[in-house]
Each structure stands twice: as C-alpha cells, then as structure tokens.
1. Would you please calculate the Kirkwood hydrodynamic radius of the stretch B:161-241 over all C-alpha pairs and express it in Å, rounded to one decimal?
2. Would you mind telling me the antiparallel percentage of the DSSP bridges in chain B, rounded to 5?
3. Suppose R0 equals 30 Å; then what is the FRET efficiency for C:ASP146 and C:PHE84 from their Cβ-Cβ distance, rounded to the nearest 0.05?
4. Could you give each residue of the stretch C:59-68 its phi-based ³J(HN,Hα) in whole Hz, using Karplus coefficients 6.51, -1.76, 1.60 with θ = phi - 60°, and x for Gly or Pro?
5. Can you list residues from other chains, or at least 5 along the same chain, whose modelled amide H is less than 5 Å from the amide H of B:SER414?
6. In angstroms, what radius of gyration and Dmax does the stretch B:237-313 have, counting Cα atoms only?
7. Using the Kirkwood radius over Cα pairs, work out the Stokes-Einstein diffusion coefficient for the stretch B:318-411 at 4 °C and 1.567 mPa s, in µm²/s as a whole number.
8. Whole-Å semi-axes of the stretch B:131-199's equivalent ellipsoid, largest first, each the root of 5 times a Cα gyration tensor eigenvalue?
Amino acid sequence: MAVTDSDQVLRVNPIACHAHGLCAELLPELVDLDEWGYPVLAGGVRGTVPAPLVPQAKAAVAACPTLALRLTYPGRVS
Amino acid sequence: MLNRPAQPSPAWTSPPLAPTTGPRLLAGWVETARPADLAAHIARYGPLPAVGPELIATVHAAGLRGRGGAWFPTGTKLTAVAAGRRRAVVVGNGAEGEPASHKDHALLTVAPHLVLDGMVLAATAVGADEAILCVHRGDPLAVTVRAAIGQRAGDPVPVRLVETPVRFVASEESALVNFLNTGEARPTDRPPRAYERGVRGRPTLVDNVETLANVALIARYGADWFRATGTPDAPGTMLVTVGGAVVRPGVREMPLGTTVATALGVGGGLAEPAGAVLVGGFGGTWLPLPAANDARLAPGELPLGVGILLALPARACGLATTTRIMRYLAGESAMQCGPCMFGLAAIVGDLEALTMGGPTLDRLRHRLGMVNGRGACAHPNGAVRLAASALTAFADDVAAHAAGRPCAGVGVESGIRVPAGGMGLGWR
Amino acid sequence: MNQPIMWYASRATGLIALVLFTVAVVFGVLENGRFTSTRWPRFVVAAVHRNVSLLAVAFLAVHIGTSIIDPFAGIGWLDAIIPFGSIYHPFWLGLGAVATDLTVAIMVTSLMRPRVNARLWRAVHWTSYACWPLAVIHGIGTGPADFQLGWVMVLNGACVLAVIVALGWRVGVTHPDTEARAAGGPQC
C-alpha cells in the first residue's frame with residue numbers, strides 16, 4: 001500500500017542538538033541515533049516526512065528540549 | 001569622490017589589454033618580481049573602472065566561479081546579494097585557513113590592489129556601503145595590506161581590514177560573518193545564508209580574494225577576454241599552491257583545465273617518484289599517480305576544492321600522512337556539533353590503529369558514512385572526503401595495513417607539513 | 001460568602017499547589033539530568049513536567065482566587081502580584097506574590113517557547129530555583145497555625161526532601177555532550 005509523502009521535511013540544527021534523544025523516542029520510524037546519541041534522519045539531511053507521520057513529527061519537534069528539530073518545507077531550507 | 005578622470009589620463013587613452021595567454025593576476029610579479037604598489041598597479045591595469053550594477057551581468061557572462069573552494073558562480077552570488085532589501089556588505093576572504101594553501105597570501109602580497117579594486121567594484125555593483133577584508137591575525141601580511149589600503153584615495157566604498165583568529169574553520173563563510181558580528185569565529189547553522197542575512201543582518205557577499213581580483217580584471221577587459229582561457233564551464237585562470245615532492249614548490253597561476261601532470265611540471269616536476277597527489281588541500285581528495293596525470297584541474301572534472309596540488313613521495317605512507325592530517329582536522333573542529341566533535345575524534349582513533357596495523361577498517365568506513373553531512377558546516381565533510389579518498393587511492397596499502405602488515409613508509413617524512421593546531425587555541 | 005469554606009479552600013489548594021509544584025520541580029530536574037528508564041522514557045518525564053506544571057498553575061489560580069474572595073483576611077487582587085502591600089501577613093504573603101510573578105513569567109515564556117529568545121527562556125526558567133523555595137516559605141509563614149498540625153509539617157518536609165534528593169542526584173550526573181562543549185571539545 002503506497003504511503004503518500006507530505007511536503008515537509010525534518011531538519012536538525014546540529015549546533016543546538018545536545019543528544020537528548022526525545023526525537024528518536026517519539027519518531028522511531030524516521031529518527032535513529034548514532035553511536036554518540038545524535039539523531040540520524042531517514043532520507044538523509046532533507047528527509048521527507050510521510051503524511052501519516054506528520055502529527056508524530058510535530059510532537060517530536062515540540063518535545064526537543066533545545067528546539068533543535070524543525071519541520072519545514074524544502075524551499076525554505078538553504 | 002569617484003576615481004573618474006574628467007580627461008583621459010595622458011599616459012594612455014584606454015587601459016592596456018591584458019594578454020589572453022599567460023599570467024593575469026600574477027602578471028606584474030612574473031614580470032618585475034616585485035609586489036605592485038598603487039602606481040605600478042595603475043600603470044599595468046589602468047585605474048579603477050567606473051562601473052556600477054551592470055558589472056553583475058558582465059561577471060555572469062564571463063562565467064567566473066568562486067576560487068574559495070566551492071566554485072560557485074560569482075554572478076549568481078552577486079545577483080542574490082544585490083536583490084536583498086537592506087544595504088549590502090562585501091567581505092573579502094583572505095583569511096586562508098587551509099595550512100597547505102598559500103595562494104591568497106601570495107596574491108595579497110604581490111597584487112593587493114587587484115583584490116582591493118575587486119572589493120570596491122563588487123561593493124558598488126551590489127549596492128554595499130561597507131567593504132571588509134579579512135586576513136589572519138598576527139600575519140605580517142596585515143601590515144603590507146594596510147599600507148596598500150593607505151595608498152588609495154577616493155574609493156567609492158573604502159575597504160577596512162579586519163584580522164581574524166588563525167583557525168582552520170575561521171575562514172568559512174558563516175564563521176567569518178559570525179566573527180564580524182559577535183567576535184567568535186565559529187560557523188553557524190544555515191539558514192539564513194550570508195547572502196540573505198549576514199553582517200549585522202544585512203545581505204553579505206563573502207568572496208575569496210582571488211575571485212575578487214578576477215572581478216577587477218573582468219571589469220576592465222570584459223567577459224569575452226575572461227573566457228579566452230580556461231574551460232567553457234570554468235573559464236579563466238586559477239592560482240595553485242604546488243607543493244610536496246616537487247622541485248620548485250610555490251604558488252603558480254595556470255588556466256583552468258590544466259592537467260595534473262602539466263601543473264606538477266610548472267612546479268619544476270616531481271623531485272622523486274610520487275605515488276599520489278592531494279588535490280584541494282587538507283579537506284580534499286587523494287588521486288593516485290600516474291593514473292591522475294591526465295586529470296584536468298577543473299571543478300566539473302575533479303573534486304577540485306581550493307587550488308592546491310601536493311605530491312606524496314612513493315616511499316612515504318599515504319595512510320600515515322592522512323592520519324596526521326585527520327588529527328589536525330579533528331583538533332580544528334569548532335566543537336559545536338556532536339557528529340563532528342565525537343565522530344572525527346573516533347575516526348582518527350580508527351586511522352591510528354589502522355596505520356599501526358589494526359583491524360579497524362570496517363568500523364572506520366561505517367563511521368565515515370555516519371559523520372558525513374551531519375555538521376552545521378562542511379568541515380566534517382572535507383575530513384571524510386580526505387579519509388575516504390585515502391582508502392581508495394591507497395587501497396593496496398590499506399589492505400596490507402588492515403591485515404596487520406603496516407608498510408615501511410609509516411615513519412618516512414611525507415614532505416606535507418601538518419601544523420599542530422587544535423586544543424587550547426581560541427575562537428576570538 | 002460562607003467564610004470558613006473560602007478560607008479552607010484557600011489553604012487546601014495552597015497545599016495542593018505546593019505538592020504539584022514540588023513534583024514539577026522534581027521532574028524538571030530529572031529531565032534536565034537526562035533521567036531515563038524503561039518505564040520512564042525521556043518524553044514521558046518531559047510530558048509529566050509540563051502537564052503537572054500547568055495543573056499546579058491551575059490550583060495556584062484557585063488558591064489565589066479563594067484568598068481574595070474570602071473577606072476575612074482582606075487580601076486584594078493586587079496583593080497577589082504586587083508583594084508586601086497586604087494587610088494580612090504582608091511579608092510572608094508578599095513572598096507568595098513574588099513566587100506568583102515568577103511562575104507567570106516561566107509559564108508564559110514556556111508556552112511561547114519557539115518564539116522566545118533561547119537565552120531569555122533559559123534565564124527565566126532558572127528562576128524556578130528561587131520560585132519554589134519562596135512558595136514553601138510563603139506557605140509556612142502565612143499559616144503558622146496550620147504548621148502546628150503534624151501532617152502539614154510532614155507534607156512540607158516531604159516536599160523539601162524530594163527536591164533535595166533530586167538536586168543531589170542531578171549534581172552527580174554528567175553527559176559527554178555537556179562535558180565536550182564545556183571543554184571546547186572531547187579530550188581525545
């Protein structure tokens with residue numbers, strides 16, 4: 001069954017990220033942690049979020065203690 | 001007060017046309033072996049041309065690409081900065097953070113007025129009211145550049161000199177802007193890019209000094225002249241620091257598209273048999289010799305980076321040399337992003353073990369993939385590029401090391417000088 | 001107005017608010033110290049901290065409201081936010097007003113978090129370490145009679161102990177990321 005992609009992508013601000021790891025807890029489908037505890041986003045640095053996961057992605061963005069995770073549109077990402 | 005004579009200067013009626021072959025930026029140096037003061041500069045190239053925003057179209061047509069390592073089309077960057085709503089700022093990047101590169105230093109020493117002309121021209125083209133030239137703190141170059149600035153009068157936008165900390169990433173675009181804004185020369189996360197919001201929130205043009213010097217020539221001689229040498233995709237000449245195991249190391253000017261073999265020949269040829277050549281400096285790419293001899297130095301055809309060509313003696317160990325460079329790069333991390341701070345250190349550990357004959361190759365490969373692209377700036381990417389290219393270029397040697405048989409070249413002096421760098425140095 | 005009910009409601013909601021704020025502080029400390037276990041993942045600790053804080057503010061609002069409505073002590077609306085002007089225990093009540101002001105600042109900056117400057121949010125949030133002790137002292141000072149009751153003393157003691165234990169745990173916690181950034185990089 002095909003899953004439609006939303007237009008939005010997840011982005012990490014690597015300087016703000018302090019490896020708290022809440023994003024990986026709330027969005028394990030798209031976020032993995034490397035051996036040092038920092039998030040690796042599925043689909044690389046500009047991974048698109050499938051439409052059904054957008055609410056979870058928003059929860060992960062809100063949960064980040066340092067606001068390092070962002071849900072944004074690809075056009076806005078330089 | 002504009003530098004625009006009411007009558008044509010008595011010495012000539014139009015600026016002398018620079019030859020389409022031969023050196024362009026280093027023409028004065030090659031001919032006279034002396035740095036050009038303002039009088040010599042004007043005698044050779046003519047006074048500052050009176051051009052404004054129309055220069056941007058000329059630079060576009062000329063196909064000039066940035067010589068700071070990214071080879072980004074300069075016309076596009078100028079257009080983006082000029083399109084900003086607020087008054088722009090021009091930053092000339094002469095803070096050559098790459099230890100293996102000496103081209104910016106050489107250019108600023110022998111032809112500072114070409115760079116300064118370029119900065120002023122870029123400023124009037126994009127509507128900037130501020131032009132800042134950055135060089136390393138404590139470098140004697142600052143004295144000569146300050147003197148050159150002092151010789152000038154009547155620039156529509158006066159250039160001021162700022163001295164930056166001597167760190168590898170301090171000359172990165174966002175780090176320079178951050179230094180000018182906050183006094184801390186560490187990269188920042190993007191967006192926004194400098195051309196959108198840079199120095200004091202204004203659209204900022206950050207260009208390498210060699211790029212700006214080329215702008216100064218394009219303003220005088222036009223796009224067609226500029227395209228008379230180089231390649232169609234990357235026209236013009238480039239300054240290359242040729243070093244390592246060559247007879248006459250130094251900074252040379254050559255057309256883009258020159259082959260590696262020709263470039264090494266310009267440096268006097270190899271001093272001894274060489275196994276590989278490092279293109280682009282410490283964050284660059286190893287290419288095995290003699291296979292790379294016919295490779296052309298052009299951004300589309302090679303991972304060119306900054307104009308640097310270092311020959312590694314065949315009797316030295318490429319893996320050991322890479323490990324030494326990686327140790328320096330890890331120490332020069334701005335320590336802001338987890339994958340860079342921890343990843344590079346771990347990669348260095350794996351490389352050290354591998355160099356001594358340990359079985360860390362698989363974990364090293366995995367970590368290279370894990371670290372690439374996950375920092376705020378491109379510093380970890382360059383380090384990964386260097387290490388990954390070493391694993392390819394020195395594949396046979398790497399296999400031997402991984403099997404517990406390190407080569408005899410580990411202790412041999414590579415001729416590539418790697419500074420200590422790193423811990424303890426500041427960012428301010 | 002039925003005097004005793006308002007009065008009792010004020011005292012009761014005050015105590016409940018104190019317990020809730022204590023839980024909020026403890027969970028905030030746990031979150032900051034990156035506490036995690038199989039039954040308490042990070043996002044749960046964070047959610048409890050946030051939700052209990054909001055519940056505590058709700059009880060604080062009732063506590064303040066009933067104190068003002070009740071005519072016995074003559075506490076006015078302004079006394080809730082401007083300290084040391086009340087007729088009733090001006091100093092001890094005033095501490096409560098200060099704590100309320102800080103609580104409002106913390107709550108507002110946190111609810112508007114993405115739009116608030118990061119350093120400002122952090123600075124305001126740190127005042128919670130002043131805010132909570134003020135609430136405890138306010139409670140003891142404004143209710144000297146209540147404090148004679150054994151269970152009230154035990155409740156206050158338990159709250160103070162909980163925060164001290166949490167802080168004691170927190171001080172002993174380190175994380176490689178924090179250490180690396182403080183040292184300017186991992187010591188490799």
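All of the numbers you see were taken from the coordinates with simple rules; none came from a lab. Remember, predicted model here, so these are calculated numbers, not experimental data. As a convention, Cβ positions derive from the backbone with ideal geometry for all residues, glycine included, and neighbour counts pool all protein chains shown.
1. With all distinct Cα pairs of the stretch B:161-241 included, I get 14.6 Å.
2. Taking every DSSP beta bridge with both residues in chain B, the antiparallel ones total about 50 percent.
3. 0.90
4. Computed from phi, the couplings for the stretch C:59-68 are 5, 4, 4, 5, 4, 5, x, 5, 4, 6 Hz.
5. Answer set, sorted by chain and number: none.
6. 10.6, 30
7. 100
8. So the three semi-axes of the stretch B:131-199 are 24, 16, 7 Å.
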